1. Only one residue in LYS71, LYS34 is without any contact (Cβ under 8 Å) to a residue 60 or more places away in the chain, assigned by TED's automatic domain parsing to the domain that holds SER153 and more than 30 Å from LEU278 (Cα to Cα). Which one?
2. When both residues are 6+ apart or on different chains and their Cβ atoms are under 9 Å apart, which pairs have a first residue that lies in segment 130-143 and is in the same structural domain as PHE119 (by TED's automatic domain parsing) and without any contact (Cβ under 8 Å) to a residue 24 or more places away in the chain, and a second that is surrounded by 18 or more Cβ atoms within 10 Å (Cβ to Cβ) and part of a helix (DSSP H, G or I)?
3. Filter segment 26-73 down to residues that are of a type in the set (Lys, Arg) and at pLDDT below 90 and give me whichever is farthest from LEU145 (Cα to Cα).
4. In segment 82-98, what residues are part of a helix (DSSP H, G or I) and either touching a residue at least 60 places away in the same chain (Cβ under 8 Å) or in contact with a strand residue (DSSP E or B) (Cβ under 6 Å, 6 or more places away or on another chain) (or both)?
5. Here is a check on your reading of the model: is LYS309 on the phi < 0 side of the Ramachandran plot, surrounded by fewer than 14 Cβ atoms within 10 Å (Cβ to Cβ), not aliphatic (A, V, I, L, M) and not in a loop (DSSP other than H, G, I, E, B)?
Amino acid sequence: MNVKEKKVELIELFYDLIYVYAISRLTMLIEEPKSGMIPLFGFFRYLVASFVILQAWLYLTNYVNRYGRWKWYEYALTVVNMTATVYMSNTISEQWNDMSLTFNLSMLVMLICVESMYFIQLRLKEQDIGAAKNMFLILAVDCALYFAAFLASLLNAGYLVLWLDAAAVFVGAFLPFFIRGNFDISIISFPHLTERFELITIITFGEAIVGMTEYFDVHHFSFKPIIVFAVLLGLFGSYVVQIHYLMEHKRTERALRLMFSHYFIVISLNLITVALNLIRIPETDRVFLAFMLSSAIIVFYISITANRKYYRQGVTFTKIDALKMCVPFLIGIPIVFIFRSNEYGVLTGVLLIAVSEFGILVCKHVKQTVNS
């Protein structure tokens, strides 16, 4: 089967920038701990809102990947989608009742735009429409849920709104497994999809760097900003080696694992950014900080490693590889917890993990290159 090649257009990069802005704004919900910790409801709200926004990004990304030809109506609907995203981003607030109305109305507008594109494809019948039929139905259910959440917001039913949003995320994630339909997977461009995920992740790393700028105090030099920057470089290098170099991009796949793993990659990166900033706040509960930072970095590496399914021919992931990748965590995480009250201690533990994992993946890539 021939691999479908598709160029990433500049408007897609613009689109990614807006969505990463929206995701980065969500950190406002968890960057100020209460009594030293992030309240459970606030953390749950952050996770739901993050998945909601990433899923909205994925809906349009999948459409462009499968059917997009950038005709005038696709440009117009994409611009409306991006405008609604900016409105939604600027309503993000610690008070859920204050943001939920515009948040859900914006989501409804964004999904209606994508739904309209699929509807046009169903009418034109210029390409295989099996996937379009599936997505049209899934989006119809999601739109109904967001409309219900919008109505609940009018009644200030905050908890109900949040659960409706969570239900919409689950519908979008799992309904495709029940509404499979028959469609030609050759309409999916795996190289294009991989490049889109790489772009949104790289932009997220850029936002992480921006979030760390307060460490760089030109009047008081210390090694803390250098360590923080090295941690982010280690994470970035690990991602690039695993996703860009070890994976085979020229293939035909539905790429479900690639999609789901990148939800967690982006969210864990944002959580790592928040945790690194919380280190500087004396009021932060240090056990909570150590747990949050350790959990986020574990999720990040599990998520990138999940894509080993897409390794190039001749590249394998063995039990020895798994053991090698566990060792830095077995050393670094205890350091984070033992020295949790010391900023350098926490940063040293995280640095050891990030640099070691990067080194392990680089050695794997070099070995594969030499053998091939």
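1. Details: LYS34 fails: more than 30 Å from LEU278 (Cα to Cα).
Going through LYS71, LYS34 in turn, just one is without any contact (Cβ under 8 Å) to a residue 60 or more places away in the chain, assigned by TED's automatic domain parsing to the domain that holds SER153 and more than 30 Å from LEU278 (Cα to Cα): LYS71.
2. So the pair list comes out as PHE136/GLU115; PHE136/TYR118; PHE136/GLN121.
3. The extreme case among them is LYS34.
4. Result: MET82, THR85, VAL86, MET88, SER89, TRP96, ASN97.
5. Working: on the phi < 0 side of the Ramachandran plot: yes; surrounded by fewer than 14 Cβ atoms within 10 Å (Cβ to Cβ): yes; not aliphatic (A, V, I, L, M): yes; not in a loop (DSSP other than H, G, I, E, B): yes.
When the stated conditions are applied, LYS309 passes them.
The values are calculated or read from the model by the stated rules, or taken from the named source; none is laboratory data. Bear in mind the structure is a predicted one, so any value in this text is a computation, not a measurement. No Cβ is skipped: glycine too gets one built from the backbone with ideal geometry, and neighbour counts run over all protein chains shown.
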